[in-house]
Structures are given as structure tokens and as C-alpha cells.
Amino acid sequence: MVAGLPLRTLHRLQDHILRLVGNSVESRAGLVARMLHRDANEALSYWLQLVVSVGIATLGLVLGSAAVVIGAMLVAPLLGPIIGLAMGLATGSPFLVLRSAGRIGLSVVVAMVGAAAITWLLPFHELNAELSARATPTVLDLITAGFCALAGVYASLRSSSDTATTAAGTSIGISLVPPLCASGYGLGTLTWHMAGGAALLFLTNLVAIVVVGSVSFVAAGFNRVSVLELEKGELAEGRDAPIARILARRLAALFESKVGPALRFLMPFVLLALVYVPLRHALDEVAWEVRTRSAVRQALAAEPGHIVESKIQVARHVVEIVVVLLGTAQEAEAARHRLMKRLQRESGVVPSLEVIGVPDAGAFAGLQSTLLTPHPTHTEPPPLAPVDQLRLSADALRAELLRVWPAESSGSPFSVAYQLEDDGVVLRVAHLGPALTSATIEALERSLSRTLKSTARIRDEAMPAQPIERGKDDPEFLTNVALALGAARRWPQVVVCVTEPPDAPRKYSPAASRQLEQTFKQLTADIPPSARMPATNFSIRLQLEPCSRAPDR
């Protein structure tokens, strides 16, 4: 009997589970034997893949490229020894446990030291979203890792071709090497919270795989494999992991004792309990920040005064708010009292709140230069961050954009509008020329984000620089005209020049010409006569200069 369940019934249930995942009962011993046996060339392949994945992941994290980081996940081989550790605990194989644990430990050292060395050699060190995302793991990361671990166990139990996709998806979902590289980045830059947070994320994923893997392998009946017999053959024939072989002989007696099974299963669950406490605390902190940030926005929106500027920072149970509103000093103080009372009730902490009242827009313009400046102290105040400086100067932002803008291929921007959001700056760029490619937009955003020390996103507003002329396809021509006119009307700088023949061109049928002429005149009805010129064909052109009469074409 096992926990009230007959042993024979338990064995039948384990066999049924193994068949459900596409494997046979007879294959259990063979699968364990393959994990125990290690080919002579396997070690070289493993360490080469690990070094390559560490290099790719570190550079991908530093550049802030999610695609490069995903590529490193696909190359990384670290999932193999972790699955082997789970199998060793499930089957009671001391040699598999020790060899897998040794390889995992050495891999951790190689990955972190390698990432720290690459980071130290880089000419710049900038914290970006890819790095920050791996510094604050929560319980949600533990749950995600658990589901990915199930997929990894499934891929290891099946031998069919459909497991390649599953294994690739598991490698991407359960990130192992990137957190180690982020931790190495923290070591290389002496950013200790980054090093510790990323290391905790790796430990979270490791524990999830070991716990879920061990339970799954036992559920599939691998604890019934006579692993000690398989170990004897491997220990007699193999030559790798000499330290693990020596320790395995001593650990075998403990695993075969009465407390051996309980000890094997207790180990991963103790680790699970250890990582759960900080992960739960981190999740509570994230939930508090989301609730508090939402409460601040609602409180500001509910204020009766006209708020013209605000700066909000919510992090680590600290709330800092600066608000500028149009009104008298008495109105500002009343607003401060209302906001302080409400936010203290909503957040549970005493916020640092400053409300500044200005009597009119002119006074506000003069206040902008001091809005985000720290309060004066006896020491020299630190300079504003670049993103805060650009908040005060649209000209500087435009100049920075023009410095990296591909004017030769896409035309120079004639309008740059920006909007500050909680996570960075959004730039709306209008230009006459071809639309930017996704690769160009990504490169521009990365360059601007580096300069601003904040996330920059570009919204491309491209308008055709070449004339749009009537061709063989009238519906396509009219559609292009409508789209171009719609885009031009959003920008007062853009001038629309229209050409139209006094009579319908002879090469088109009279009915088609009349229909097109009627639709064309409706679309361009608001274009003044000074921007209309006679020609041999219908066309429009978008430009920034006044229309000039051109010879008939």
C-alpha cells in the first residue's frame, strides 16, 4: 500500500501515464541508461554550446535585442543536466545526481564569469529593459517555469520528431542562460541588485524544473527502474566525472537506506520553499506599485483644478509626485491636502508630494526650467537626467533625432512631436519619403534610448515625396490620392499641389474620365485654386514649399 493506494494499482497508473506521453513501459530502463551514459565527444559539444550561448545572450541583453536573446536560449544546453538531476532524484541514482549537479554548478560559474568578463570589456554599460526584466522575478515566474518544465519532461520522454518544436519552445519559455548572463552583467558593473535578482530568477527556473521533473518522472514510474545495476555498468566502463564517481559510491548507501527516498524528494522542495519567500515578496511589491500608480492617476484626474504638468515615481514603497496646476497658492495647498489624504489612504505610505500653483500659462512657461530640479541643498544639485532635459526642450529632442535620422533614404523630418509616458518618450515623426523599415525603426529607437537613458519609441508618419499620377488603374489612383490627402491634412506644413487636364485625356474612355474627374474634384475640393495647375494628366504632389506653375507634361 502507498498512501492508501494498492501498489499494483499505483504501478498500473504509472504505466498508463507513460503510455499517454507516447512511450512504452519497456523503454524506462533504456532512457535512464542513455542519461547515465555520456559519449566521449559530448562534453566538448556541451561546453562549446554553452560558451556560444553565453556570448550571444550577454551581447543581446546589452543591446536590448529580444531576438538575439531568444537565439541564445535556443543554443543553450543547460536544460539537459537539470533534467538529468531531476531523473537522478526520481530514480535514486547518486551518480546521475552528482554528475548533473556538478555540471550545473560549473556551468553557472562559466556563464556568470564569462558574462562579467564580456561586460567589463564593453565600452559602455547601460541598463535597459531586457536587463531590468530579469532583475525582479516573482511567483509568476516560478509558475511559468513549472509549466515549461512539464513541456521539457514531455520532450525528454518522447522520441518522435514532434518533440523538436516542444524542446525549442521549452528552451525559449524557461530562460536559463540569459538570467545567468544578466547576473554576470551585474557583477561586471558592480550592480548588486541586478546580480542578485537575475541569480534568483535562474534559481527559480532551476528549482521549478527539478521539482516538476522529479514528480513527473516518479508519476511515470521511473522510480521502479533498477538504477543501481545500470550505474555499476556505467561506473565500470565510463571514465568521465571521476569526482562524481568517487562520491557516488559513498552516497549510494544513503540513497538505499530507509530515509533515502524521503531525503531525495525533500531536497528540491526545501529549495522551493527558500525561493518562494522572496518571490512572493517581489510579487506583492509589483502588485502594490500597480495599484498605487493607478490610484495616483485617478486622484490627479479627480482634482477640480487644471493640472498642466505632473511627474510621478512609484517604486519600492516610495511615492514621489510633483504637480503643477493653474491656480493660486491657496488652491495649490488645498489640492495638496486633498491628494495627500487620498494617496496615503490608497497606498499605505506617506507620499512625497509637491503641488505648485501658477496663475497663468506664462508663469508656467517660466516654471518649467525648475519643475524637475531637486530641492536645493548645501551641496551642488545633481544634473538632470537627459530625458528630463529633453522634456524641457523640443529643439534638443529634434536635433538628437536629426543626428541619427536616415535623411538620404527617407527624407528629412519636417515635424517632430513627442509625448512623455511613464516608461519613456514617444516620438511622432512626419517626413516626405519612403516609410522606415522595421529594422531602421529598431536601430533609431536603440540609439535614442541610449542617449536619453530612457525608452524611446518612434511613430513613423511617412508621406509620398513623388507625385501620385493617374495610371491604368483608376481605383488604385483614387485610393492613393485619398490616403495621401488624409495624411497631409494632419500637418499644416504640407502643401498639396494638384494638376488636372482641362479636358479628359484622349487615351481614356470619356465615361471613365468623367467618373474619375468627378471623384478627383470631390477629394481635392478644399485645395485652393492657387495650388491647381493645368496639365495633361491628373496628379497630386505633397511638398513643403508653395506650388509653382510647371510646364504642361
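The values are calculated or read from the model by the stated rules, or taken from the named source; none is laboratory data. Fair warning: this is a prediction, and the values are worked out from it, not measured in the lab. Here the Cβ positions follow ideal geometry from the backbone for every residue, glycine too, while neighbour counts run over all protein chains shown. The area values use the complete protein model at the heavy-atom level, side chains included, leaving out ligands, DNA and RNA. Shrake-Rupley method; radii C 1.70, N 1.55, O 1.52, S 1.80 Å.
Could you give the nm distance between label points at residue 473 and residue 307, where each point is 7 Å from its Cα heading toward the beta carbon?
5.0
How do the peptides 115-121, 42-48 rank, highest first, by the average count of neighbouring beta carbon atoms within 10 Å per residue? Show your work: numbers first, answer last.
Numbers: 115-121: 18.1, 42-48: 13.0.
In decreasing order of mean packing, 115-121, 42-48 become 115-121, 42-48.
Go ahead and run the numbers for FRET between residue 42 and residue 447, Cβ-Cβ distance against an R0 of 45 Å, rounding to 0.05.
FRET efficiency, residue 42 to residue 447: 0.60.
Hey, what do the phi angles of the stretch 74-90 turn into as Karplus ³J(HN,Hα) couplings, whole Hz, using 6.51/-1.76/1.60 and θ = phi - 60°, x for Gly and Pro?
Residue by residue, the stretch 74-90 yields 5, 7, 4, x, 5, 5, x, x, 5, 4, x, 4, 5, 5, x, 5, 5 Hz.
Provide the FRET efficiency to the nearest 0.05 for the residue 154-residue 317 pair, computing r from the beta carbons and using R0 = 51 Å.
Efficiency computed from Cβ-Cβ geometry: 0.80.
Tell me, what is the 1.4 Å probe accessible area of residue 339, in Å² to the nearest 10?
10
Show me 192-198, 146-152, 478-484 ranked by packing, highest mean number of other Cβ atoms within 10 Å first.
In decreasing order of mean packing, 192-198, 146-152, 478-484 become 146-152, 192-198, 478-484.
Once the Cβ-Cβ distance between residue 523 and residue 328 is put in as r, and R0 is 51 Å, what FRET efficiency do you end up with, to the nearest 0.05?
For residue 523 and residue 328, the calculated efficiency is 0.50.
Pop a pseudo-label 7 angstrom from the Cα along the beta-carbon direction at both residue 489 and residue 25 and give the gap in nm to one decimal.
Calculated label separation equals 7.6 nm.
Averaging the inverse of every distinct alpha carbon separation and then flipping it gives the Kirkwood radius. What is it for the stretch 48-117, in angstrom units?
12.8
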